[in-house]
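Report on one structure; see the data block that follows.
The values are calculated or read from the model by the stated rules, or taken from the named source; none is laboratory data. In this text the structure is predicted, and so the values were computed from the model without any measurement. Cβ placement follows ideal geometry from the backbone for every residue including glycine, while neighbour counts extend to all protein chains displayed. Side chains are part of the model used for accessible areas, which takes the heavy atoms of the whole protein and leaves out ligands, DNA and RNA. Shrake-Rupley method; radii C 1.70, N 1.55, O 1.52, S 1.80 Å.
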Amino acid sequence: MLGGLLVLLLFSLVGLVCLGLLSMWGLLPLLTQDPESMVVSASQLQQLLLVLLVGMLLIVPVLMGVTFAPALIYFHDIGIIQAVRLSFAGCWRNMWPFFWWGLLSAILLLFGAALLLVGLLVVIPALNYSIYVAYRDIFLDESAQQEAPHSEPFGFEA
């Protein structure tokens, strides 16, 4: 539960930073205009894109920190802050595989959404399972996994 509160706090802080930038540059009234009659200058558009970039630069480390944190907390019984640090380190060490995974998952999410959102019933569980498989590959020792089935047949103790 504390992990969820930490995620909520971090996402809220990123949102407040972006909202503060929008307010500081006077762009909040622009967001409440009617889309059909909206007139945006080049400098306003540039500022909006800069706020979007700042938000993405702040949200990516947060997402890196919370990707594996629930599994680390549950399976390894470690604290929240340590789980966030380990999750961030695991994502950082595997940055390029996660880059390609992100591109592939974005394409799959677009296809799932294009199928009247019914495709998301397949895509989202598959992506969640892929995160679990990435957790196993990054944080669990392969030799311990291979020895365990030989000592305990079918996962049961005799």
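Could you check, for the range 12-32, whether at least one of its residues is open to solvent by less than 50 Å² (accessible area, probe 1.4 Å), closer than 14 Å to Ala134 by Cβ and modelled with pLDDT of 95 or more? No, every residue in the range 12-32 fails to be open to solvent by less than 50 Å² (accessible area, probe 1.4 Å), closer than 14 Å to Ala134 by Cβ and modelled with pLDDT of 95 or more.
If the condition is being over 13 Å from the mean Cα position of the chain (by Cα) and part of a helix (DSSP H, G or I), then the range 75-84 contributes Phe75, His76, Ile80, Ile81, Gln82, Ala83.
Does the range 54-71 include one or more residues that are out of contact with any Lys or Arg (no Cβ under 9 Å at 6 or more places or on another chain), open to solvent by less than 60 Å² (accessible area, probe 1.4 Å) and more than 30 Å from Val133 (Cα to Cα)? Yes.
Against the conditions (1) within 20 Å of the chain's Cα centre (by Cα); (2) over 21 Å from Pro125 (Cβ atoms); (3) β-branched (Val, Ile, Thr), Val39 satisfies every one except (1). Of all residues in the range 33-49, which are open to solvent by less than 80 Å² (accessible area, probe 1.4 Å), in a helix (DSSP H, G or I) and of a type outside the set (Gly, Ala, Ser)? Those that are open to solvent by less than 80 Å² (accessible area, probe 1.4 Å), in a helix (DSSP H, G or I) and of a type outside the set (Gly, Ala, Ser): Gln44, Gln47, Leu48. Scanning the range 93-143 for residues that are small (Gly, Ala, Ser) and open to solvent by 70 Å² or more (accessible area, probe 1.4 Å) yields a single hit, Ala114.
Here is a yes/no grid of residues against (1) modelled with pLDDT of 95 or more; (2) under 30 Å from Met24 (Cβ atoms); (3) outside any helix (DSSP H, G or I):
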residue: Pro61; (1), (2), (3): yes, yes, no
residue: Ile73; (1), (2), (3): no, no, no
residue: Leu86; (1), (2), (3): yes, no, no
residue: Trp92; (1), (2), (3): yes, no, no
residue: Leu103; (1), (2), (3): yes, no, no
residue: Ala106; (1), (2), (3): yes, no, no
residue: Val118; (1), (2), (3): no, no, yes
